[in-house]
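No lab work stands behind these numbers, since they all come straight from the coordinates. As the structure is a computational prediction, the values presented were derived from the model and not from experiment. Every residue, glycine as well, gets a Cβ built from its backbone with ideal geometry; the counts of neighbours run over all protein chains shown.
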4 protein chains.
Amino acid sequence: MHHSVAILGASGYTGAELVRLIADHPTMRIAAMSADRKAGLSMAEVFPHLRHLDLPMLCRIEDIYFSGIDLVFCALPHATSQAVIRDLPAGVRVVDLSADFRLRDPAEYQKWYGKPHDAPDLQAEAVYGLTEFYRDQIRSARLVAGTGCNAATGQYALRPLIAAGVIDLDEIIIDLKAAVSGAGRSLKENLLHAELSEGYNAYAVGGTHRHLGEFDQEFSAIAGRPVRVQFTPHLIPANRGILATVYVRGDAARVHETLATAYAAEPFLSVLPFGQTPSTHHVRGSNHVHIGVTGDRIPGRAIAVAVLDNLTKGSSGQALQNANLMLGVEETAGLTMAPLFP
Amino acid sequence: MHHSVAILGASGYTGAELVRLIADHPTMRIAAMSADRKAGLSMAEVFPHLRHLDLPMLCRIEDIYFSGIDLVFCALPHATSQAVIRDLPAGVRVVDLSADFRLRDPAEYQKWYGKPHDAPDLQAEAVYGLTEFYRDQIRSARLVAGTGCNAATGQYALRPLIAAGVIDLDEIIIDLKAAVSGAGRSLKENLLHAELSEGYNAYAVGGTHRHLGEFDQEFSAIAGRPVRVQFTPHLIPANRGILATVYVRGDAARVHETLATAYAAEPFLSVLPFGQTPSTHHVRGSNHVHIGVTGDRIPGRAIAVAVLDNLTKGSSGQALQNANLMLGVEETAGLTMAPLFP
Amino acid sequence: MHHSVAILGASGYTGAELVRLIADHPTMRIAAMSADRKAGLSMAEVFPHLRHLDLPMLCRIEDIYFSGIDLVFCALPHATSQAVIRDLPAGVRVVDLSADFRLRDPAEYQKWYGKPHDAPDLQAEAVYGLTEFYRDQIRSARLVAGTGCNAATGQYALRPLIAAGVIDLDEIIIDLKAAVSGAGRSLKENLLHAELSEGYNAYAVGGTHRHLGEFDQEFSAIAGRPVRVQFTPHLIPANRGILATVYVRGDAARVHETLATAYAAEPFLSVLPFGQTPSTHHVRGSNHVHIGVTGDRIPGRAIAVAVLDNLTKGSSGQALQNANLMLGVEETAGLTMAPLFP
Amino acid sequence: MHHSVAILGASGYTGAELVRLIADHPTMRIAAMSADRKAGLSMAEVFPHLRHLDLPMLCRIEDIYFSGIDLVFCALPHATSQAVIRDLPAGVRVVDLSADFRLRDPAEYQKWYGKPHDAPDLQAEAVYGLTEFYRDQIRSARLVAGTGCNAATGQYALRPLIAAGVIDLDEIIIDLKAAVSGAGRSLKENLLHAELSEGYNAYAVGGTHRHLGEFDQEFSAIAGRPVRVQFTPHLIPANRGILATVYVRGDAARVHETLATAYAAEPFLSVLPFGQTPSTHHVRGSNHVHIGVTGDRIPGRAIAVAVLDNLTKGSSGQALQNANLMLGVEETAGLTMAPLFP
């Protein structure tokens, strides 16, 4: 059995990461890859680390013949994706890695992204791609919306706690530390090695980061009432990794037990023994999430720390895991590689 | 006018940083440097970046003739310092960079450091070395206790707020990100380049970091009642820098104004315009502290972010600033270098 | 079909890398892992990035029952390996990752390693493990000696050139840049993040690095007369990767053609188009070697640049490739993962 | 005594480095700073690490009133500088940090930079700014041409050797490792943190790097006959530092002695004891050059390794040192800071 897939927007980091993962996938074959500004180039010219693979040349989207394609990964930039996906042939199933279909409410989309949505029908139909919590819908979905990488990390630490009612919903702080590849391959001064390495800073402080839209949507849906968290991301001099330090009010042992129980059967989610803390070092290049819980010296407070690789579990690995579900393949196919350390 | 100083424990990072700073000091001359295990070596052999300086050979403490020494910097390890300082000639003035004299209460010392203090009389006499808040006592002190580098960073963000009563004292969270040189030159597996670079993690989660002793002591003294903060440090793959993200409850504009007013005349403390956030990149190698304040989207909450260089303002720069006060020298002498960027 | 393997010395970086690779191997199962000082611990305690794998506990070598073991990977430190391997049951096949069996001549071993060999009989029997050049002997070997990681890199650039007689044998310079994991997990001051990151240096300058013993042995054997190269390694602030810049005298086009022809059928060796240069970024975490050749502006001189990942192709990946040959498995089994970038 | 200086092109790294150094200069004051695209901004907005300094606003060059300016530092991009400097008022003395006036021969300029020079008269008049070798001409020069940072590093290792005739002029190889800030603040994909960190590569292989023009000009002038070296630069994941590994033919002891003698009185050039090797770590942020010499195991060959900080001694520090000579100030003024380590 083989599955033909196309990757739209293959010249960015999430596109390259998809190729890396699919290269070892038992049934998937890459039939087409688009990159508008680099159409006509080989992938080896754009990403020399993939030069050993037998891949189609980069092309323009309009040159892809979708009729034999089982599934499309759309790794295009935010705002570009919605129109492209809207115009795909009706039967094509899509895993989108952009932000375009994460928010179900058109008003919320407009609020966080500053413009009306171009494909509101699809927006309503899209399934939120946090695999472990939307498995059934993903299996039958036509369009799955990949989550924000920061949003995924925070949710892994918090969803079971909100669902179980073991924490105070008005006292949640997510202090998050993100590596630089999450910003993509864009040419910005603050992403230069000379500007970024050897130092770090907070950004989007005070509740302005767009991934808050996802937190609001998901946490409120679980709780059945509005939930508003505090969220402060920081940019760290590393290439891969997200670490979310989550401050909650509740009994630390119950917090730990709730997470451990919720994830006991999950292939990629590990809850460490109580009191241990995870490190981004130990998930790099893999689809694994490590979560640790510790009680604070102040009774009734706990700290949960979750880590994942933003390009893998936070983006392309998640996308592949969802595609596996959609295609009826083993959910972990192509995702079993161990983390790279050191 | 010249001042003769000695550096005890010159083979560690804080010792080397003292030498770097004093090398450009207008009145200070290094008369002696000790490093027990490296006695007999030149500083160039231990720290080749200082090879151009004309420095005394490293010696043992007992080989230092203290009678001509105006001031001693003690950069020895924690627990070692207290006995050494106790046994120095009575007239010698001392700036200690260890943790040994930071806590005034013997019970607190025992609680956080796990053993009784060897010099309780000196402990009672020592002045806490957070320069901007203890200037007068420092000028006349015989013994000044350098603060913890993390403790200094958090206090710069919080002391004026606690003193002014503009924040809720029971709802303070300090999420701190520290570079690796704060751990010193010790040979530990987690400090190896291969283990540390490209990843990061929390440590001492839940209220077990010793610098909490300083927060407790100082914040409670200011408030006139017990104050207990939450404090989570993280280890970041960079060599210098501390960034404290401090979550408080109070009016953000008042928080900003309180800090800006408190530090308006300070040579090394800059409060950024409201809503801007600082970066460790911009204080590296300098004695400067940058502080930013932003309001959260949740009314009544604010985030203050403070950054400094742990080896300079967080340790050796602070020590030199205090020594300048003790010796009646211009407070900023030897400390005016601009940060190194990139 | 399953193959049972044991890993001796599993608590070092090459041991952990073996586990990472074998985890995705189609036929190999890890039956035992030793780590004397960490016997009794789980691998997750020593290398948390491997916590998701179902692995045997770390044990002492004497607790391993070798009768059911098809092959042993020996990742012990230099000098320790020889006695351990000597004392293994006679029928056990071994891939050694240490330096102990690389040099066939006892005098050369003594010269470079400063002591007589403990197992001279095995030394004579061991096959040098540079896979592409010793395939037939490796298939039937009882003991394969993994090459030095630097030695492998230089040889990939030079062996076909020496064999074809297209370069001047007396004018070869290998200027090599090595990442830090090649030094292992040992606690040395110069391997600390604070000492290593943001700077670099040459070491073992002038012909004192032990991998010269391998260059001398192999190049002289190919040429049929003594060949002595110049070799200067440098330590670079990165965790994985070796880049060898090799200066040769000869016609650049012939140099390129000779390498391209020699490696045309090799699964892991890629010769880039003439004039292109490789980067360690593009082989990280993989078993691939990229080689580029450029002509100098001075006629008759060429520069060949070879890159590989020291822990994978330079050590554990090579070991697994050799083990595959010995066990009659597909040579590339467990080694097909693409490089990790960024 | 005060000297008024202007900095043209203050928004790049060399401009910022000039400001850092001049901030501690005893007589120099910055009267004007230009940055065409950022005119109207404060330096703190462009380089927040300089926010504590009292500096003029960034302006356009045409808004600078040059009559009170004693000296102009021109830190504009290559090719832009020549026309700007040509049009400055005749009496203004200039230290140029660009490549525009390094080559004295118009044909060589055209060869390496691909276009005719816009100010050939000035080109003929400009003094090559390698301070230690052109001091007398620099003192009285109207225009000093800052050297290439790579070119400076190689020359420090080689000039005395060529002058003394102790090495073979036809067998010189410079294998150079450069940190990223030498590429400036330009937005290029390969300079992004995600692309550069954790890996390294050669570039401009085979004799195409423009700094070869300087090597050719200077070495040939010293030797009195054409000298052509091999030169291969590499890009290393660090922000500051250049290390040149120079392979020469000659007696190693004489090579060492020649360099040690030549630089014995130099304030910024240190030759290490024979057999020791320098590191870029130990010159970072300083104006110092460290040079080590080792003999190879092949008789008659030696390796010299030179390190410096590309932004300081390789560019802005050199510029300030030259400006000091031109203004009759102490040559080391503003340049005495010790390196920053770690």
- Query: Which distances in nm, rounded to one decimal and ordered from shortest, link the label point of D:A124 to the equivalent label points in the other identical copies, with labels set 7 Å from Cα toward Cβ?
  - Reply: 7.8, 8.1, 8.5
- Gyration tensor over alpha-carbon atoms, region D:1-149, equivalent ellipsoid semi-axes in Å: 26, 17, 14
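Over chain D, consider all pairs of different Cα atoms and compute the Kirkwood hydrodynamic radius from their mean reciprocal separation; express it in Å, one decimal.
Evaluated over chain D, this radius sits at 20.3 Å.
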- By a straight-distance test (C-alpha under 16 Å), which aspartates and glutamates pair with D:K177 as possible cross-link partners, with residues fewer than eight away in the same chain excluded? C:D175, C:E198, D:E198, D:D309
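Given the alpha-carbon gyration tensor of the protein assembly as shown, what are the semi-axes of its equivalent ellipsoid in whole angstrom, ordered largest first, with each equal to the square root of 5 times an eigenvalue?
On the way: eigenvalues 387, 366, 230 Å².
Those come to 44, 43, 34 Å.
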- Task: Please list, in chain and number order, the residues 5+ apart from C:N201 or on another chain whose amide H is under 5 Å from its amide H, with Hs placed from the backbone.
- Result: C:L235
- Message: For region A:272-342 and region A:25-42, what is the centre-to-centre distance using only Cα atoms, to the nearest Å?
- Response: 27
- Given the rule -39500 (n - 2.57) for each run of at least 4 DSSP H residues, summed and divided by the residues of the protein assembly as shown, what is its mean residue ellipticity at 222 nm, to the nearest 500 deg cm²/dmol? -8000 deg cm²/dmol
- Message: For chain A, set up a GNM with springs between Cα atoms under 10 Å and report which of A:V255, A:V229, A:V205 has the largest fluctuation.
- Response: A:V205
- Compare A:I22, A:I222, A:I85 in a GNM of chain A, Cα atoms joined below 10 Å, and give the one with the largest fluctuation. A:I222
- Viscosity 0.890 mPa s, temperature 25 °C: Stokes-Einstein D of region C:300-342 from its Kirkwood Cα radius, in µm² per second? 203
- Message: Taking θ = phi - 60°, what integer Hz values does the Karplus form 6.51 cos²θ - 1.76 cosθ + 1.60 yield along region C:227-237, in sequence order, with x for Gly and Pro?
- Response: 10, 10, 9, 8, 9, 10, x, 10, 9, 10, x
- Kindly express, to the nearest 10 degrees and within the range 0 to 90, the angle between helix A:149-164's C-alpha long axis and the longest C-alpha principal axis of chain A. 50
- Query: For region A:149-310, what proportion of DSSP beta bridges, expressed in % and rounded to the nearest 5, is antiparallel?
  - Reply: 70
- Message: If each label sits 7 angstrom from Cα along the C-beta direction, how far apart, in nm, is A:A83 from its counterparts in the other copies?
- Response: 3.7, 7.4, 7.6
- Quick one: Karplus J couplings for region A:25-31, per residue in order, coefficients 6.51, -1.76, 1.60, θ = phi - 60°, nearest Hz, x for Gly and Pro? 7, x, 10, 7, 10, 7, 8
- Task: State the Cα centre-to-centre distance between region C:55-128 and region B:198-258 in whole Å.
- Result: 52
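How large is the translational diffusion coefficient of region D:112-169 in µm² per second when you combine the Kirkwood radius over alpha carbon pairs with Stokes-Einstein at 4 °C and 1.567 mPa s? Can you show the working numbers first?
Working: Rh = 13.2 Å.
Stokes-Einstein gives a translational diffusion coefficient of 98 µm²/s.
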- Note on the structure: Note on region C:80-138: alpha-carbon gyration tensor, axes a ≥ b ≥ c; rule is a/c under 1.5 for rounded, else prolate if a/b larger than b/c, else oblate; result oblate
- Item | Greater than 23 Å apart at Cα, pairs in A:K38/A:K188; D:K38/D:K188; B:K188/D:K313; C:K38/C:K313 | B:K188/D:K313; C:K38/C:K313
- Angle between chain B longest axis and helix B:252-262 axis [Cα atoms, degrees, rounded to 10]: 30
- Query: Given the options B:M33, B:M57, B:M326, which has the most mean-square fluctuation in a GNM of chain B, springs set between C-alpha atoms less than 10 angstrom apart?
  - Reply: B:M57
- Message: Can you give me the long-range amide H partners of A:N287? Hydrogens built in the peptide plane at 1.01 Å from N, cutoff under 5 Å, separation of 5 or more residues or another chain.
- Response: none
- Note on the structure: Expected integer from the mean partner chain Cβ neighbour count at 10 Å over C:285-292 is 3
- 5 angstrom amide H check on A:S34, placed H, neighbours 5+ away: A:I7, A:L8, A:G9, A:A10, A:C59
- Message: How are the alpha carbon pair distances in region D:183-255 distributed across 10 Å bins from zero to the largest one, expressed in percent?
- Response: 15, 38, 29, 14, 3
- Tell me, what is the Rg over Rh of region A:149-310, with Rh the Kirkwood radius over Cα pairs? 0.97
- Residue by residue through region A:59-64, the couplings from Karplus 6.51 cos²θ - 1.76 cosθ + 1.60 with θ = phi - 60°, in Hz, x for Gly and Pro, are 9, 8, 4, 5, 8, 8
- Would you kindly work out, in nm and rounded to one decimal, the distances from the label point of B:D36 to those of the same position in each other copy, ordered shortest first, with label points 7 Å along Cα-to-Cβ? 3.1, 6.4, 6.9
- Note on the structure: Here the whole-number average of other chain Cβ atoms within 10 Å per Cβ of B:184-192 is 5
